[in-house]
Amino acid sequence: MAFDFRETSVVPLNQNLAFMIVGEQATWPGLGGLTTISPNMVWQNGKLMVMGGGFAGRFATPFNHSPGYVGGVNAMVRYDANDWLAFKAWGQYAYYGDDKDNPHMMLNPFLNHTGVGGAVEVKFNENFGVGMGVNYEYNHLRRKIEPQYLFYPVIKTKNVQFRV
């Protein structure tokens, strides 16, 4: 936990395109940990934003004695219909190799999972709004896709926007 970090770097390539990379390490005593790197390309033109990339890393749980490896791809699209309404859609594929039956890995919400979903965000004023949607995530233990319903705040302060 003392060496946990989350570093983000954004490199603008032109007016509409940027390269973003995120490196992260998180440990949970007695439960394992995760170290990942996630490079992405972000394109925005007016009301439309498209982001796509991948991720790779290693993870540890009480069931694996040496670190396992994870990799995958992801994509996200956001369209701002007007000043107070936005639509989002996303998808992600995560590959864990031979560790696909590790229950600590598959039930940990902080690890990457295969899923697809969408949401609608409504802004009430300049600084606050809410988002609601659904994420369909593949459950390896039950071998089926299960819905996860989302309701989250959208908070904007100056030039930074927060979404949980």
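Of note:
- Residue within segment 52-61 that is touching an Asp or Glu at 6+ places or on another chain (Cβ under 6 Å) and in contact (Cβ under 8 Å) with a residue 24 or more places away in the chain present: no
- Matching entry among 24, 7 (being acidic (Asp, Glu), out of contact with any His (no Cβ under 7 Å at 6 or more places or on another chain) and surrounded by 13 or more Cβ atoms within 10 Å (Cβ to Cβ)): 24
- Top-ranked residue of segment 22-38 - restricted to ones that are among the β-branched types (Val, Ile, Thr) and at pLDDT 90 or above, ranked as farthest from residue 70 (Cα to Cα): 22
- Residue that is within 15 Å of the chain's Cα centre (by Cα) and surrounded by fewer than 18 Cβ atoms within 10 Å (Cβ to Cβ), where the choices are 30, 71, 53: 71
- Once segment 10-21 is narrowed to residues that are polar (S, T, N, Q) and free of Cβ contacts under 8 Å to residues at least 24 places away in the same chain, the residue that is most open to solvent (accessible area, probe 1.4 Å) is 15.
- Unmet requirement for residue 84, which otherwise passes all of (1) over 25 Å from residue 132 (Cα atoms); (2) at pLDDT below 95: (1)
- Where a residue in segment 63-88 is within 13 Å of residue 154 (Cβ to Cβ) and its partner, wherever it lies, is open to solvent by less than 40 Å² (accessible area, probe 1.4 Å) and of a type in the set (Val, Ile, Thr), with Cβ under 7 Å and at least six apart: 84/122; 85/122
- The residue list 102, 127 contains one member that is closer than 26 Å to residue 35 by Cα, touching a strand residue (DSSP E or B) at 6+ places or on another chain (Cβ under 9 Å) and either surrounded by 12 or more Cβ atoms within 10 Å (Cβ to Cβ) or modelled with pLDDT under 85 (or both), which is 102.
The values are calculated or read from the model by the stated rules, or taken from the named source; none is laboratory data. These figures come from a predicted structure and were not determined experimentally. Because the Cβ atoms are built from the backbone with ideal geometry, glycine has one as well, and the counts that use them run over all protein chains shown. When the accessible area is computed, the model is the full protein with side chains, heavy atoms only, and any ligands, DNA or RNA have been set aside. Shrake-Rupley method; radii C 1.70, N 1.55, O 1.52, S 1.80 Å.
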